[in-house]
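**Student:** Take this structure, written in structure tokens, and hold onto it; I'll ask about it next.
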Amino acid sequence: MATMADFRYDKATWCPGCGDFSVLAALQQVCVRMGLEPEDVVCVSGIGCSGKISQHFGSYGFHTLHGRSLPTAQGVKMANQDLTVIAAGGDGDGYGIGVGHFIHACRRNVDITYIVMDNHIYGLTTGQASPTSKKGHKTKTSPAGVGEEPLKPLELAIVSGASFVAQAFSGELKQMQNIIEAAMKHKGFSLVNVFSPCVTFNRVNTYEWFKEHIVNLDEEEGYDPTDKYNAMKRIAETESVCTGILYREERPAWHEYVLGATETGTVKQTLDITPADAAGLIDQFRR
Amino acid sequence: MTTNEFTWKVGGAQGEGIDSTGEILATVLTRMGYYIFAYRHFMSLVKGGHTNYKIRASTDREVKYHGDTLEMLVAFDQTTIDENEDELVEGAVIIHDAKFQASTKRGGAVHLCAVPLSQFAKDLGNSIIKNMVAAGASSYMLGIDPSNFYEQIEAQFGKKGAELVNLNKNAFDQGYNYVKEHYGNLQKPVPVASKPEKARLLMSGNECIGLGATLAGCRILAAYPITPATEILYWVLANLPKFGGKVLQAEDEIAACIMAIGANFAGVRSMTSTSGPGLSLMMEALGMSGISETPLVIVDVQRGGPSTGLPTKTEQSDLYEALYGSHGETPRIVIAPTSIEDCFYQMINAFNLAERYQVPVIVLSDLLMGMNKRSFPDLDLSRVTIDRGEVVTQAQLDEMEKGAFKRYALTESGISPRSFPGMKNGRYCALTNEHEETGLEIEDVPMREAQMKKRFRKLSTLERDVNEWGVDYSGPDGAETILVGFGSTEAQIAEAMEQLGGATNVGHLQLRCLMPFPKDAVRPHLEKAQRVVVVDNNYTGQLAGLLCKEIGFHDKMDVLHKYNGNPFTVSEIVSHVKG
Ligand SMILES: Cc1ncc(C[n+]2csc(CCOP(=O)(O)OP(=O)(O)O)c2C)c(N)n1
Ligand code: SF4
């Protein structure tokens with residue numbers, strides 16, 4: 001059985017207090033708790049402070065390009081559905097440059113878990129506005145305050161067909177662990193948007209700010225995450241500042257519905273084509 | 001054009017069944033034992049616009065190009081005559097639909113034969129069947145026995161019932177008999193071919209790419225539709241799932257390419273196929289494959305650029321992008337198959353090279369080769385080999401100390417064995433940042449330099465090997481004039497060589513591998529030549545530029561450009577050499 005040490009690799013370089021430490025810790029603990037072996041997990045990340053997570057995590061990893069963790073992670077899963085695949089990155093990475101992939105990943109339902117460390121700011125590039133920065137937020141690129149409406153990842157995920165949508169907070173480690181575990185066990189595409197404060201460049205959305213405003217829907221009596229319209233309603237009512245497993249549904253995952261679906265990973269299929277089969281392929285063209 | 005050959009073309013508005021008419025004749029002729037090349041001319045719209053389908057057939061040798069001239073034209077409309085009459089030889093026949101009053105500026109040099117193609121079809125209650133009427137009319141004019149067409153009609157429609165078979169035969173007969181009765185004197189029987197012992201293949205370059213990839217062990221294709229590459233996606237989708245493979249239509253080419261990288265990382269041979277606009281979107285991913293040392297195969301079926309350019313026309317103008325595209329510097333391999341069937345062999349090659357050298361491989365095809373078909377005897381399956389390159393074994397990993405595996409080890413060859421997710425103790429993080437040997441991000445000077453050198457060192461054995469397979473030469477040693485091309489222009493240059501009378505002072509170099517460049521094989525020919533005629537299907541002379549960079553001899557370069565969307569004709573090349 002793997003231990004926490006097996007899921008650690010190299011020391012994380014984030015600023016002290018960065019919300020991303022909790023995400024890494026939660027992920028490591030969940031993997032141990034689920035009895036996963038590090039060689040059977042792949043952590044694919046984008047570019048940003050948050051993107052460094054794949055280097056600090058003890059599983060196989062791919063630290064990809066800015067905005068491209070989802071296509072990479074889906075490629076890995078297409079190749080080997082027997083692996084546990086996690087995609088991770090920042091809000092700029094996932095909802096700015098990579099938002100096209102995000103929408104299509106929701107629709108496609110490849111069985112991966114996508115963790116977005118949403119600090120409402122561009123951290124690595126030192127403090128520009130992000131798609132989730134709140135209206136009026138003054139940043140280096142919005143000196144008069146952000147004029148655009150913030151992007152709403154939870155609602156976007158639901159309307160795009162995501163089969164599991166949740167939100168967690170780096171200040172609530174236990175809840176985050178439970179959510180990540182449920183997301184990883186979910187069959188299909190799961191989004192975990194994590195409020196992961198940037199203590200260096202976001203002085204607005206701090207730990208305190210989140211603590212003060214978050215509504216925990218996991219604890220709300222009668223909240224039914226399979227009720228799509230209620231989920232949309234509650235997310236809107238809380239102005240997206242809520243945590244919990246917000247929406248889930250059972251739907252076939254990509255590796256189950258794809259044409260030519262196989263029981264085991266594509267990587268386990270033989271590359272050799274028998275002479276008879278090869279001849280059959282060529283004979284399609286004989287006239 | 002020799003006496004053992006003939007040419008035929010059908011044209012009309014897009015959506016009128018021009019392709020299916022051409023396909024029927026192409027199939028019948030191939031089955032009868034003619035070697036053919038079938039060329040499709042079309043536009044980027046679905047209905048309307050002029051389209052045509054040309055066949056050049058030979059009784060005794062393989063045909064790699066559709067020819068400069070035309071002997072028989074079937075015209076569904078006047079536009080077809082206007083667009084194609086210049087190509088007609090003296091005495092050529094135009095069979096046109098009697099529904100319009102045909103005219104030609106060629107006057108008495110050609111014969112106009114009105115045939116009620118649409119009317120017959122209408123009377124039979126099915127307007128689309130005019131293609132069969134046209135086939136019947138062509139059959140008589142070409143002196144081909146109807147039984148050959150009946151056989152094809154039965155093969156094509158037999159499953160759908162006797163009624164449809166009879167309808168088609170009936171339509172065929174009406175066209176045949178009408179021409180026999182009214183224009184019998186114009187019949188020009190074509191040279192007779194003998195049926196081959198083994199049925200021949202009729203394939204396009206795109207089909208060869210799909211088949212080659214499948215036999216090469218490719219098991220994932222992620223792509224986004226684009227002319228002229230979409231047929232690769234279709235063929236692979238229809239066939240790969242039989243072998244446990246998966247095909248995915250991605251949201252864009254960025255995703256398609258990166259999915260293929262992710263899948264290669266996880267151990268599956270994977271590719272993407274596209275054309276110029278898509279290749280542009282893949283540039284950042286190309287570097288990702290390069291620095292993370294993840295194998296990747298990209299097929300680029302080139303079309304006229306820049307930007308949306310000429311989506312349905314041919315060009316070879318992505319060469320520089322393939323060679324130099326993407327920021328920073330990354331080793332890569334660029335292969336240009338030199339014929340339709342070479343597309344098959346080069347896909348086998350591409351997957352082996354990608355995994356052996358852990359680099360991106362770009363296969364440069366083009367519309368001319370990709371979307372057109374030719375018949376040839378067979379493919380040589382003994383040339384199919386699968387070499388997965390250096391992969392660490394589980395036993396080797398078990399022997400290592402925990403976490404000691406160095407994915408980016410600074411080896412002598414520059415190639416460091418790969419591990420795949422699922423292998424115990426083989427953990428690494430593939431990285432697009434510069435990294436040290438285990439894969440941790442670094443910025444220190446000596447390691448950066450060492451890793452750059454390592455990545456470029458990888459290709460050193462290939463730089464030698466490529467002199468053997470990366471270029472073909474035909475002609476005398478020390479030719480005065482050398483014709484140089486890459487990829488699909490092989491066909492027209494080879495034919496131009498023949499027309500130049502096998503001149504003792506002309507040689508032909510056709511490049512198959514452009515990066516690494518087969519310097520040693522090319523240099524001696526250029527050294528001895530006085531004139532280097534570069535047949536460059538683009539405006540800026542990209543191949544000539546590459547030759548100058550790799551070999552030199554700027555002063556000997558004489559570039560023949562073409563960038564109007566059409567492939568080179570043989571006569572253009574011949575007159576340029578002579579001129
Ligand atoms: C194509 C491209 N554009 C821009 C960048 C520069 N860049 C790196 S990270 C980043 C944004 C980081 O913000 P976010 O994704 O929110 O992650 P965080 O650093 O906050 O975790 C940008 C713009 C890049 N690496 N690649
Ligand atoms: S800059 Fe912000 S996001 Fe980046 S490591 Fe520091 S605290 Fe975290």
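The values are calculated or read from the model by the stated rules, or taken from the named source; none is laboratory data. All of these numbers come straight from a predicted model, not from anything done at the bench. For neighbour counting, all protein chains shown are included, and Cβ atoms are generated from backbone atoms with ideal geometry for every residue, glycine included.
**Student:** Please verify whether the range B:69-79 includes one or more residues that are assigned to a helix (DSSP H, G or I) and without any contact (Cβ under 8 Å) to a residue 60 or more places away in the chain. Before you say what the answer is, go through the steps one by one.
**Tutor:** Applying the first criterion (assigned to a helix (DSSP H, G or I)) to the range B:69-79 yields B:78-79.
Next, only the ones that are without any contact (Cβ under 8 Å) to a residue 60 or more places away in the chain stay: B:78.
Among the residues of the range B:69-79, at least one is assigned to a helix (DSSP H, G or I) and without any contact (Cβ under 8 Å) to a residue 60 or more places away in the chain, which makes the answer yes.
**Student:** Just give me the residues in the range A:109-152 being more than 16 Å from ligand 1 (Cβ to nearest atom), assigned to a loop (DSSP other than H, G, I, E, B) and of a type in the set (S, T, N, Q), in sequence order.
**Tutor:** Residue satisfying the conditions is A:109 alone.
**Student:** If residue A:21 meets every condition in (1) surrounded by 24 or more Cβ atoms within 10 Å (Cβ to Cβ); (2) more than 7 Å from chain B (Cβ to nearest Cβ); (3) aromatic (Phe, Trp, Tyr) apart from one, which number is that one?
**Tutor:** Failing condition for residue A:21: (1).
**Student:** To continue, here is another question. Tell me which of these residue A:88 doesn't satisfy, since it passes every other one: (1) within 16 Å of ligand 2 (Cβ to nearest atom); (2) in a helix (DSSP H, G or I); (3) in contact with a strand residue (DSSP E or B) (Cβ under 6 Å, 6 or more places away or on another chain).
**Tutor:** Looking at each condition in turn, residue A:88 falls short on (2).
**Student:** Now for a different question. Output yes when any residue across the range A:62-83 is modelled with pLDDT of 95 or more, aromatic (Phe, Trp, Tyr) and within 13 Å of ligand 1 (Cβ to nearest atom), and no when none is.
**Tutor:** Pass one, the range A:62-83, residues modelled with pLDDT of 95 or more: A:62-83.
From what is left, the residues that are aromatic (Phe, Trp, Tyr) are A:62.
Of the ones still in play, those that are also within 13 Å of ligand 1 (Cβ to nearest atom) are none.
The answer is no; no qualifying residue exists.
**Student:** Sort out for me the helices (runs of 4 or more DSSP H) sitting completely within the range B:337-441 that have 2 or more residues that are in contact with a Ser or Thr (Cβ under 7 Å, 6 or more places away or on another chain). Write out each step before concluding.
**Tutor:** Numbers: elements: B:340-357, B:367-370, B:394-399.
Hits in the range B:337-441: B:340-357, B:367-370.
**Student:** Also, quick follow-up: If you go through the range A:91-119 one residue at a time, how many are within 11 Å of ligand 2 (Cβ to nearest atom) and in contact with a His (Cβ under 7 Å, 6 or more places away or on another chain)?
**Tutor:** Adding up the residues that qualify gives 1.
**Student:** So, in the range A:28-55, exactly how many residues are more than 16 Å from ligand 2 (Cβ to nearest atom) and assigned to a helix (DSSP H, G or I)? Give the steps one after another, and end with the answer.
**Tutor:** If we filter the range A:28-55 for residues that are more than 16 Å from ligand 2 (Cβ to nearest atom), which is where we start, we get A:28-44.
Right, trim to assigned to a helix (DSSP H, G or I) and you get A:28-33, A:38-40.
Within the range A:28-55, residues that are more than 16 Å from ligand 2 (Cβ to nearest atom) and assigned to a helix (DSSP H, G or I) number 9.
**Student:** Then there's this: Could you check how many residues of the range B:158-198 are touching a residue at least 60 places away in the same chain (Cβ under 8 Å) and surrounded by fewer than 15 Cβ atoms within 10 Å (Cβ to Cβ)? If you could, list the steps in order and put the result at the bottom.
**Tutor:** If we filter the range B:158-198 for residues that are touching a residue at least 60 places away in the same chain (Cβ under 8 Å), which is where we start, we get B:175, B:178-179, B:182-183, B:186, B:188, B:190-196, B:198.
Filter again for surrounded by fewer than 15 Cβ atoms within 10 Å (Cβ to Cβ), leaving B:182, B:188, B:192, B:194-195, B:198.
So the count comes out to 6.
**Student:** Another one. Buried (at least 20 other Cβ atoms within 10 Å of the Cβ) and under 16 Å from residue A:205 (Cα atoms), is that true of residue A:170?
**Tutor:** Details: buried (at least 20 other Cβ atoms within 10 Å of the Cβ): yes; under 16 Å from residue A:205 (Cα atoms): yes.
So residue A:170 fits the description; yes.
For every residue, the table says whether it meets (1) surrounded by 18 or more Cβ atoms within 10 Å (Cβ to Cβ); (2) out of contact with any Phe, Trp or Tyr (no Cβ under 6 Å at 6 or more places or on another chain).
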position: B:510; (1), (2): yes, yes
position: B:519; (1), (2): no, yes
position: B:536; (1), (2): yes, yes
position: B:543; (1), (2): yes, no
position: B:546; (1), (2): yes, yes
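**Student:** Let me ask another. I'd like the full set of residues that are surrounded by 20 or more Cβ atoms within 10 Å (Cβ to Cβ) and more than 7 Å from chain A (Cβ to nearest Cβ), limited to the range B:429-449.
**Tutor:** Keep residues of the range B:429-449 that are surrounded by 20 or more Cβ atoms within 10 Å (Cβ to Cβ), which gives B:429-432, B:435, B:439.
The answer is B:435, B:439.
**Student:** Of B:373, B:313, which residue is more than 14 Å from chain A (Cβ to nearest Cβ) and either of a type in the set (Lys, Arg) or surrounded by fewer than 24 Cβ atoms within 10 Å (Cβ to Cβ) (or both)? Explain how you work it out, then say what you get.
**Tutor:** Values: B:373 fails: more than 14 Å from chain A (Cβ to nearest Cβ).
Of the residues listed, the single one that is more than 14 Å from chain A (Cβ to nearest Cβ) and either of a type in the set (Lys, Arg) or surrounded by fewer than 24 Cβ atoms within 10 Å (Cβ to Cβ) (or both) is B:313.
**Student:** Also, quick follow-up: Those residues that are within 30 Å of residue B:374 (Cα to Cα), aliphatic (A, V, I, L, M) and part of a loop (DSSP other than H, G, I, E, B), I need them from the range A:248-287; list them, please. Walk me through it before giving the result.
**Tutor:** Step one: filter the range A:248-287 for residues within 30 Å of residue B:374 (Cα to Cα), giving A:271-287.
Restricting the remaining residues to those that are aliphatic (A, V, I, L, M) gives A:271, A:273, A:276, A:278-279, A:281-282.
Across the range A:248-287, the qualifying residues are A:271, A:273.
**Student:** Kindly indicate whether residue A:51 is away from ligand 1 (no atom under 16 Å from the Cβ) and within 26 Å of residue B:425 (Cβ to Cβ).
**Tutor:** Working: away from ligand 1 (no atom under 16 Å from the Cβ): no; within 26 Å of residue B:425 (Cβ to Cβ): yes.
Against the criterion (away from ligand 1 (no atom under 16 Å from the Cβ) and within 26 Å of residue B:425 (Cβ to Cβ)), residue A:51 does not qualify.
**Student:** What are the residues in the range A:1-18 that are surrounded by 15 or more Cβ atoms within 10 Å (Cβ to Cβ) and closer than 19 Å to residue B:431 by Cβ, if any?
**Tutor:** A:7, A:8, A:9, A:10, A:12, A:14
**Student:** Now for a different question. For residue B:118, state whether it is part of a helix (DSSP H, G or I) and in contact with an Asp or Glu (Cβ under 8 Å, 6 or more places away or on another chain).
**Tutor:** Values: part of a helix (DSSP H, G or I): yes; in contact with an Asp or Glu (Cβ under 8 Å, 6 or more places away or on another chain): yes.
In short, yes.
**Student:** Give just the number: which of (1) surrounded by fewer than 17 Cβ atoms within 10 Å (Cβ to Cβ); (2) out of contact with any Asp or Glu (no Cβ under 7 Å at 6 or more places or on another chain) does residue B:490 not satisfy?
**Tutor:** The number of the failed condition is (1).
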